Each structure stands twice: as C-alpha cells, then as structure tokens.
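The structure appears below as structure tokens.
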Amino acid sequence: MYNLLVLPGDGIGPEVVGQTLRVIEWFGRKRGVAFNVTEGLVGGCSYDAHGTPLTDETMERAMAADAVLLGAVGGPRWDSLPFEKKPERGLLRLRKDMDLFANLRPAMVFDALADASTLKTELVKGLDIMIVRELTGGVYFGEPRGIETLPNGTRRGVNTQVYTTPEIERVARVAFELALVRGRRVCSVEKANVMESGLLWREEVTRLHAAEYRDMGIELSHMYADNCAMQLVRAPKQFDVILTDNLFGDLLSDCAAMLTGSLGMLPSASLGAADANGRRRALYEPVHGSAPDIAGRDIANPLATVLSFSMALRYSFHLPTEADLVEEAVRRALSGGLRTADIMQPKMAKVSTSVMGDVILRELDKLIG
Ligand SMILES: NC(=O)c1ccc[n+]([C@@H]2O[C@H](COP(=O)([O-])OP(=O)(O)OC[C@H]3O[C@@H](n4cnc5c(N)ncnc54)[C@H](O)[C@@H]3O)[C@@H](O)[C@H]2O)c1
C-alpha cells in the first residue's frame, strides 16, 4: 500500500486535484493498485483554518508519506498577509524541510497539441525532454547576500553563486539515473567559461559520469547556458535530459515549458535524497499556480495535475506501466479532439474540468479493455 498525501491548496487546486483523485481511485478499483490517500491543507486555506500556511502536523505527514501531490497555493485574498503567513511560505517550507534538491520538469509535446506551440510544428512534434534543475543551492541561497551601503554612499547588492561537490553529485546522479530509463543522453549546462562554480560543476559531472555511468551507456555532453537557451528554441529535439543549476534551471525550464504551448499541461516533480531502501521524499505538482481568475468555474485544465500523478507513479511508486497508461489516456483524450478552454483550438470540442476527468477515466477503461 502506497501512502500518498494530497494537498489540494487554493483556487483551482481543489478542482484539478479532484479530477486526479478520480484517476487515483480508478487504479485501486480497476488495477488493484491501492493508495492510502490522506488529505491536508496548505496555503491560504490552511491559514484560514489554522492561522499558518502549513501546520507542523501536516509537515510531519508530508515527511512520512511516500509521495505528496499538491494542487496550487495563493490568491488575492491572502496577498496582504505578512511574509511568514503568505500561502507560498507553506510550499517553500515543504520544499525546504523535505530537502527536495532535484526539480524535474518534463517538456513533452503531445502530437495533438504540436501546432499550439509558438515554434513550427516540425520542430516540436514528438518533443520529450526532461530538465533536472538543482533546487536548494546556488545563487538563490548562497552567502554572503544582501544590500549594503559602501563608505562612499554607493549601494551594492550581493548574491553568491556557490556549489559543493556533494551538491553537484547528488543532482547529477538523479539526471544520470533518469537518462538510464529514457534516451541515455545527459547534457550538463553551466557557464564554465566565466564562472568557477560552473567549472567545478563541469569537472564533478564529468568525473561522476566516467566513474559510474559511462560504462552503462550514458552519453554526456556539456553546453554553456546561453547556448542552451538558443538551442532550446532552435532545435529542442536534440536534448534528452538537461542537467543544470538552480538559476539557469529556473530560466531554461520556463523556456522549455513554453515549447509545449500551455501552462495547463505542465507537470513537475521535486525529489529528495534516497534512503537505504531507495525511498525518496517527493513532491508532485503542476507548474501552474492557483489561477484565481478562473477558480470555481469548472473550466481549469486538470491535465498538468493528472500528469504530475503519472510522474509519481513512475518515480515514487516505480509503476512505469501504470504511468504509461495515464499518459496514453491523456494522449487519446487530446487526439479525440477534446480541449479545456486554455488549449482550445479551431474545430475542437471545448470541455469542462470535470468532463475532461470523465474522458480520462473512459480512455483508461478502454486501454485495459
Ligand atoms: N506552485 C504554486 O502553487 C504557484 C505557482 C505560481 C503561482 N502561484 C500563485 O497563484 C496565484 C496566481 O498566480 P498567476 O496568475 O501568476 O499564475 P497562474 O499559473 O495561477 O495563472 C496564470 C494564467 O494561466 C491560467 N492558468 C493557470 N493554470 C491553468 C489551468 N490549469 N487551466 C487553465 N488555465 C490556467 C490562469 O487562468 C492565468 O490566466 C498567485 O497567488 C501566485 O502566487 C502559485
């Protein structure tokens, strides 16, 4: 029995998670894969109920779960709260206390949506890349940091890009392991030409590859981050797994996301260290936010959250066949011409959040005959 903590959150979070819960329940009913699902509060709804965006009790449950599935947090109702009480602090605490150092952002283009990309269809059709971004180190956390006033009155802002060998090694290991079950190619991205931390990154990734992964048939290449940005919009299909640091990963994963056309289609996973039994703490969530502009109207796209659950099946529960089933059901729903409003195209049928959920279940039923 797999323990899954579900935190629907705010805005459209409960709507998109609601459809995903139907998929989870389907697996118990039709495939005998039972999940012990418990729910909790995070974000603004937790603040309303408990005066904090994440209680210690929910945090403890997240630490004990095999995986956490989160909807989204935030909304204008809570915008004026003090910094420590803001909904986003709940999410940040989850990421920090669970020590989720590897952020996985797939950029996958379903054939039926290939012409929704701003790039030419032939450039993105069949695209399937995975960006592995280091999430807990680098310039967003490095010390010293701050804004100071120099003796001559000039103000100076300082951030420090810093990485250690263990920080680089553990995230590189995640990228290599992923490549083993994908296209067996890792492209490591930094600015080793102008940054010492980038040079260390390149040396450590090269060393780990030679010691453990070259003989397993994994190919390693290196690319400067500025070139990678260009290559992502010039010929994105050249990549399989992109491994990069926190800052460059922030930019490159958003850039890659837009190749796919819609925020409503983008899943993500954040992974922590593996324990002696190979179990990792893990948080799965759609890339999008709580979309207060459309919340409560049953028009949000649930597919990013459904696909986040499929990532949980693959990376936390080690059920690749079940993950493939979910992705295939999504593929068939789209090729059948059904679209939520955000991905609507001419001649397609516009459906609500809940009808998209119905269709995914129907396609799953058909897939297992
Ligand atoms: N991980 C998170 O929980 C997360 C991430 C980003 C933003 N936020 C929060 O969400 C709130 C709104 O932020 P925002 O408007 O900048 O970003 P957003 O992602 O919530 O919305 C951006 C636009 O995309 C649309 N959109 C997003 N998801 C969609 C979906 N599944 N289906 C259809 N349309 C969708 C929205 O309607 C909106 O027009 C803010 O409070 C912000 O802090 C939370």
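Scanning the stretch 287-316 for residues that are β-branched (Val, Ile, Thr) and near the ligand (Cβ under 10 Å from one of its atoms) yields VAL287, ILE294, ILE299, THR305.
Within the group GLY51, GLY75, GLY90, which residue is modelled with pLDDT of 95 or more and in contact with a Leu (Cβ under 6 Å, 6 or more places away or on another chain)?
When all the criteria are applied, what remains is GLY90.
Would it be correct to say that LYS366 is out of contact with any His (no Cβ under 9 Å at 6 or more places or on another chain), more than 28 Å from ASP10 (Cα to Cα) and in a loop (DSSP other than H, G, I, E, B)? Answer is no for this residue.
Can you pull out the residues in the stretch 23-57 that are more than 16 Å from the ligand (Cβ to nearest atom) and in contact (Cβ under 8 Å) with a residue 60 or more places away in the chain?
Across the stretch 23-57, the qualifying residues are ILE24, TRP26, PHE27, LYS30, ARG31, VAL33.
Taken over the stretch 62-98, the criterion of being in a loop (DSSP other than H, G, I, E, B), exposed (fewer than 15 other Cβ atoms within 10 Å of the Cβ) and more than 8 Å from the ligand (Cβ to nearest atom) is satisfied by SER80, LEU81, PRO82.
Set side by side, the residues ARG155, ARG133 differ, and just one is free of Cβ contacts under 8 Å to residues at least 12 places away in the same chain and touching an Asp or Glu at 6+ places or on another chain (Cβ under 8 Å), which is ARG155.
Summed over the stretch 295-317, residues that are touching a Gly at 6+ places or on another chain (Cβ under 9 Å), under 18 Å from ARG31 (Cβ atoms) and free of Cβ contacts under 8 Å to residues at least 60 places away in the same chain total 0.
Quick check: anything in the stretch 140-158 over 23 Å from ALA329 (Cβ atoms), assigned by TED's automatic domain parsing to the domain that holds HIS288 and surrounded by fewer than 16 Cβ atoms within 10 Å (Cβ to Cβ)?
Step one: filter the stretch 140-158 for residues over 23 Å from ALA329 (Cβ atoms), giving 140-158.
Remaining after also requiring assigned by TED's automatic domain parsing to the domain that holds HIS288: none.
No: the stretch 140-158 contains no residue that is over 23 Å from ALA329 (Cβ atoms), assigned by TED's automatic domain parsing to the domain that holds HIS288 and surrounded by fewer than 16 Cβ atoms within 10 Å (Cβ to Cβ).
Out of all the residues in the stretch 117-129, which are out of contact with any Pro (no Cβ under 8 Å at 6 or more places or on another chain) and surrounded by fewer than 19 Cβ atoms within 10 Å (Cβ to Cβ)?
Selection gives THR118, LYS120, THR121, GLU122, LYS125, GLY126.
When residues in the stretch 335-354 are screened for being within 14 Å of the ligand (Cβ to nearest atom), outside any strand (DSSP E or B) and either within 13 Å of PHE110 (Cα to Cα) or of a type in the set (Ser, Thr, Tyr) (or both), 5 of them pass.
The values are calculated or read from the model by the stated rules, or taken from the named source; none is laboratory data. All values reported here derive from a predicted model rather than from experimental measurement. Neighbour counts run over all protein chains shown; Cβ positions are idealised from the backbone, glycine included.
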